[in-house]
């Protein structure tokens, strides 16, 4: 595989991972594959985050064998659903007590606030092993863990994430609306930013989610603000879709 193809494959895999709000979770039940549907978010480095009840069968399975697989799929397309891109991720589910990771999950899935505080619900982070991408005819490849996780040092951006989101939603709601309408072709009002990481931003409107990817990584708050300003300028010049 030539470098440009490898780069395209990696980018497609990371877009699927970052842009998905739900995934199929496969765990082991006494050696048998056990599949369930779960809500998913991503830590700032791209690691999947799951909020699971101790009472659920998949949680019992993880306690016995932490190895899991997650299937992420692209938006449904007319015709053959198997023509859509998909990523099968292999990894190990580990308990996560990071408050920033918990905040990212809650922002991605606001309904989880109603039960996230219950004693039997725990946040898990999936330590990625590798992924298998099917992105179309002839575009099938394994993707290494280091290619799936964000390689930028995003510590300062992670620390400033809540402030940036609050500022954008309070003072630049018009820009957030334009991101959704002009750059992503998404209709409706009330779009809000729910997350930012070096590779893009997450948006939400009621039960609808959207992902806007950056053209180049933004690892610091200053770089993120410059990128958001440039995207706002591009959105204002773009024609409505």
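The values are calculated or read from the model by the stated rules, or taken from the named source; none is laboratory data. None of these values were measured; they are calculated from a predicted model. Positions of Cβ are generated from backbone atoms using ideal geometry, with glycine treated the same way; all protein chains shown enter the neighbour counts.
Scanning the range 102-111 for residues that are within 23 Å of residue 154 (Cβ to Cβ) and in a helix (DSSP H, G or I) turns up 102, 103, 104, 105, 106, 107, 108.
Every residue, every condition in (1) closer than 27 Å to residue 158 by Cβ; (2) touching a residue at least 24 places away in the same chain (Cβ under 8 Å), yes or no:
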| residue | (1), (2) |
| --- | --- |
| 12 | yes, yes |
| 22 | yes, no |
| 36 | no, no |
| 47 | yes, yes |
| 52 | yes, yes |
| 56 | no, no |
| 70 | yes, yes |
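Screening the candidates 158, 195 for the property of being surrounded by 12 or more Cβ atoms within 10 Å (Cβ to Cβ), part of a helix (DSSP H, G or I) and touching a residue at least 24 places away in the same chain (Cβ under 8 Å) yields one hit, 158.
How many of the residues in the range 134-144 are under 18 Å from the mean Cα position of the chain (by Cα) and modelled with pLDDT under 85? Summing the residues that are under 18 Å from the mean Cα position of the chain (by Cα) and modelled with pLDDT under 85 in the range 134-144 gives 1.
Only residues that are more than 18 Å from the chain's Cα centre (by Cα) and either at pLDDT 90 or above or assigned to a strand (DSSP E or B) (or both): list them for the range 112-133, please.
120, 121, 122
Scanning the range 214-225 for residues that are in a helix (DSSP H, G or I) and crowded, with 19+ Cβ neighbours inside 10 Å turns up at least one hit.
Reported count of residues in the range 161-192, each being in a helix (DSSP H, G or I) and in contact with a strand residue (DSSP E or B) (Cβ under 7 Å, 6 or more places away or on another chain), is 9. Here residue 147 meets the list (1) part of a helix (DSSP H, G or I); (2) buried (at least 18 other Cβ atoms within 10 Å of the Cβ); (3) at pLDDT 95 or above almost entirely, failing just condition (3). The residues in the range 198-208 that are closer than 17 Å to residue 169 by Cα and surrounded by 19 or more Cβ atoms within 10 Å (Cβ to Cβ) can be counted, and the count is 5.
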